[in-house]
Amino acid sequence: MDVNYSRALSLLKSNPPEQRLDLQLPHAKYLQLENAFFKLYPESLELRYPSLSYNSFTETVTVVTAPANIHESAASAISSVIEADAEQYLSTYSEELASSILGYGSTTTTDFSDAFEGSRKQPDGGVRYKSVDGDQITVVVELGFSENYASLCRSKDMWIDGHGINVFILVCLTERPRFKNPTTVYDDIRDVDDATDEMETSINETLRLNLLNNRHALFLYRGHKWAGDMTEAFIEIWRAGSSVSSRFYLIQNGHTCDELPTTLGIRISDLVPDHVWQASNIPDRVIPFNASRYVTKLAKAMCATAVDRFKKFIREEFRIFRTIYCIFFGEQDIIG
């Protein structure tokens with residue numbers, strides 16, 4: 001177990017982007033890791049990334065470093081749609097109830113119960129009911145790539161069984177191949193902003209063609225794949241009290257599906273504690289979901305992800321170039 005502890009602590013310290021590590025640690029060893037995490041990042045309760053999570057039931061610790069743009073965009077887009085529609089609908093019946101529906105995410109949660117007591121988790125998004133007489137997380141959104149599907153399902157159990165949420169929304173994407181930085185040196189870069197602008201101009205044409213043809217092809221620049229093909233994307237809806245999910249495919253075989261859902265089956269009543277909803281006497285209804293718009297956002301977010309990856313790589317290349325230049329020529333301030 002000391003090996004797993006060392007691996008987790010090493011990733012927390014180095015904090016490279018787009019990394020996820022799931023491994024087994026007994027609770028006592030996790031508490032030791034958590035203490036080390038707090039010392040590394042004293043602001044950790046407000047810190048978004050790196051994040052440290054723990055599932056006490058499965059004794060699984062998860063370390064996640066800053067994810068790609070598509071991760072953040074895809075999760076927040078669903079939360080914001082749900083929150084906005086509920087607020088608009090409820091405001092015609094009860095301003096108090098409408099103002100009690102809040103977006104939720106980027107907040108570390110530790111008040112899990114039963115078999116999940118002692119767990120720690122940070123959702124990607126969701127909805128929270130907050131009023132003067134109650135506070136409850138009702139919907140959670142979590143996004144991951146296909147290789148992390150099993151881990152997402154463990155998170156589902158944790159939120160539904162350990163925190164009593166009504167609905168868990170699982171978004172799963174497949175990127176092929178997964179991104180790796182170039183192995184060759186880009187020694188001809190003299191200005192980071194100009195290099196990024198040229199790259200973005202080039203791959204925007206790929207984005208335009210992808211949107212035109214309902215494709216999700218890779219973003220290639222200078223012979224390198226800065227984002228792979230988005231070969232598959234689907235959303236699963238898991239409900240409290242049910243052992244089966246509803247799955248909605250958005251992308252298959254690299255193409256937008258012909259028949260996209262117009263709702264994920266989320267209802268206004270799902271966003272409110274049962275006793276509050278029953279007392280409100282408000283007619284229930286299904287929340288619409290514009291899947292076509294969402295898929296377009298996924299495509300644009302993948303393009304933005306490619307740009308961000310290029311920019312990080314180029315900045316590091318340029319930093320190394322400047323350092324070497326200064327060592328050899330003694331210059332303190334050169335290009336850019």
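Could you work out how far helix 291-329 tilts from the main Cα principal axis of the chain, as a 0 to 90 degree angle to the nearest 10? Approximately 30 degrees, to the nearest ten. Evaluated over the chain, the count of Lys pairs having alpha-carbon atoms less than 25 Å apart is 27 (only pairs 8 or more residues apart or interchain).
At what distance in angstrom do the alpha carbon centres of the stretch 58-90 and the stretch 170-212 lie from each other? When both Cα centres are located, 24 Å separates them. Note on TYR93 and ASN290: their simple-model spin labels are 2.4 nm apart, each label 7 Å out from Cα toward Cβ.
Surface exposure of the stretch 206-281, expressed per residue as accessible area with a 1.4 Å probe, stands at 53 Å².
Protein heavy-atom accessible surface, 1.4 Å probe, per residue over the stretch 1-148: 44 Å². With the simple spin-label model, which puts each label point 7 Å out from Cα in the Cβ direction, the ASP197 to ASN15 separation comes to 3.1 nm.
Relative to the compact-globule estimate of 2.2 N^0.38 Å, the Cα radius of gyration of the chain comes out at 1.11. Note on the stretch 17-133: dipole from Cβ charges, positive end direction compared against THR58, TYR30, ILE101; the farthest Cα belongs to TYR30.
Summing +1 for each Lys or Arg and -1 for each Asp or Glu among the other residues whose beta-carbon sits under 14 angstrom from that of VAL295 gives +1. One quarter of the surface of the convex hull around the alpha-carbon atoms of the stretch 140-261 equals 10.0 nm², the direction-averaged projected area.
Lys/Arg Cβ at +1, Asp/Glu Cβ at -1, dipole of the chain taken about the Cα centre: which of THR256, PHE313, HIS71 is farthest positive-ward? Farthest along the dipole direction, towards plus: PHE313.
Between ASP258 and ASP2, the modelled labels are 6.1 nm apart [label points 7 Å from Cα along Cα→Cβ]. The apolar share of the surface of the chain, taken as the fraction of accessible area on carbon and sulfur atoms (1.4 Å probe, ligands and nucleic acids excluded), comes to 50 percent.
Among the GluC sites (Glu not before Pro) in the stretch 102-205, those placed in a DSSP loop whose Cβ has at most 15 other Cβ atoms within 10 Å are GLU117. Relative to the Cα centre, the charge distribution of the stretch 153-268, modelled as +1 at Lys and Arg Cβ and -1 at Asp and Glu Cβ, gives a dipole magnitude of about 700 debye. Taking 1 over the mean of 1/r across every pair of different Cα atoms in the stretch 63-109, what Kirkwood radius in Å do you get? With all distinct Cα pairs of the stretch 63-109 included, I get 12.3 Å. Sorting 215-226, 296-307 by their mean Cβ neighbour count within 10 Å, with the most densely packed peptide first, gives 296-307, 215-226. Think of the chain as having a plus end and a minus end, set by charges on the Cβ of Lys, Arg, Asp and Glu; of ALA86, GLY118, SER10, SER10 sits farthest toward the positive end of this dipole. Net length available on complete extension from VAL244 to GLN24 is 76.5 nm, with 0.36 nm assigned per residue and the Cα-Cα distance removed.
The values are calculated or read from the model by the stated rules, or taken from the named source; none is laboratory data. The structure presented is a predicted model; accordingly, all values stated were derived computationally and were not measured. Note that each Cβ is placed from the backbone with ideal geometry, even for glycine, and that neighbours are counted across all protein chains shown. What goes into the accessible areas is simple: the full protein's heavy atoms, side chains included, and nothing from ligands, DNA or RNA. Shrake-Rupley method; radii C 1.70, N 1.55, O 1.52, S 1.80 Å.
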